[in-house]
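Below: one structure, written as structure tokens.
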Amino acid sequence: MRFLAIMFDLDGTLLDTLEDIAVSMNEALKRSGLPPHPADRYRLMVGGGVGDLARRAIPPGAGDGVADRVAADMQEEYSRRWADTTRPYPGVRQLLDGLTEMGVRRAVLSNKPDDFTHLLCDRFFRPGDFELVRGAVDTVPKKPDPAAALAIAAEMRIEPARFLFLGDSGSDMKTALAAGMYPAGALWGFRSADEIAAAGAKIMLERPDEVAGLFHGHD
């Protein structure tokens, strides 16, 4: 096979987390007397980590101090409701089972804080679904910097070119290209096909059941 492994984004790719994120951030905004947003608007805000999310959610010019406070409050709110409505996307369970049967090695790389990334994977997936799970930590740059993706590839002892990188955002596609991985766009997630294509996706998939076919028919 051309690809030996797959690296998954989490939010918007494996899990539909939007409602729990939106409710948590809106509660954090209300704590600071700031206006909330419709849940759907958060599709364009998520993906860069909680700090970036807070800066995008607060009014322009509110300042770094406000953003830091809102980010901290959001994490506190999210710690209480991270599993209220979050679920795997339809077809994801079957995709993981199929990749397991094919012997495709699997990892998760998210810009969500590392502790929440592990909580979500432990709650919604089975032991053994992923060889490695990595979220954001202070010592490693977030996506689209390729450092974390390359570190995962090195730990798994697989050449980056043998990874398919599946994500739902332009940031994911940029990460894949910078790491020398194959960028595949998940159109069932949070961002638009236009964003994913403009960021360099080499293929765009409408459903999780289309992913396994990319591991057939390669040398």
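Among the residues of the range 150-206, the one identified as among the hydroxyl-bearing types (Ser, Thr, Tyr) and in contact with a helix residue (DSSP H, G or I) (Cβ under 6 Å, 6 or more places away or on another chain) is 175. Taken over the range 34-44, the residue count meeting the criterion of being under 10 Å from residue 22 (Cα atoms) and either part of a loop (DSSP other than H, G, I, E, B) or of a type outside the set (Ser, Thr, Tyr) (or both) is 7.
In the range 166-174 there is at least one residue that is under 21 Å from residue 215 (Cβ atoms) and without any contact (Cβ under 8 Å) to a residue 60 or more places away in the chain. Only one of the numbered conditions (1) surrounded by fewer than 16 Cβ atoms within 10 Å (Cβ to Cβ); (2) at pLDDT below 95; (3) of a type outside the set (S, T, N, Q) is violated by residue 49, and that is (1).
The set of residues in the range 49-66 being in a helix (DSSP H, G or I) and within 14 Å of residue 36 (Cα to Cα) consists of 53, 54, 55, 56, 57.
The values are calculated or read from the model by the stated rules, or taken from the named source; none is laboratory data. Keep in mind that this is a model prediction, so the values were computed, not measured. With ideal geometry, Cβ positions are generated from the backbone for all residues, glycine too; neighbour counts draw on all protein chains shown.
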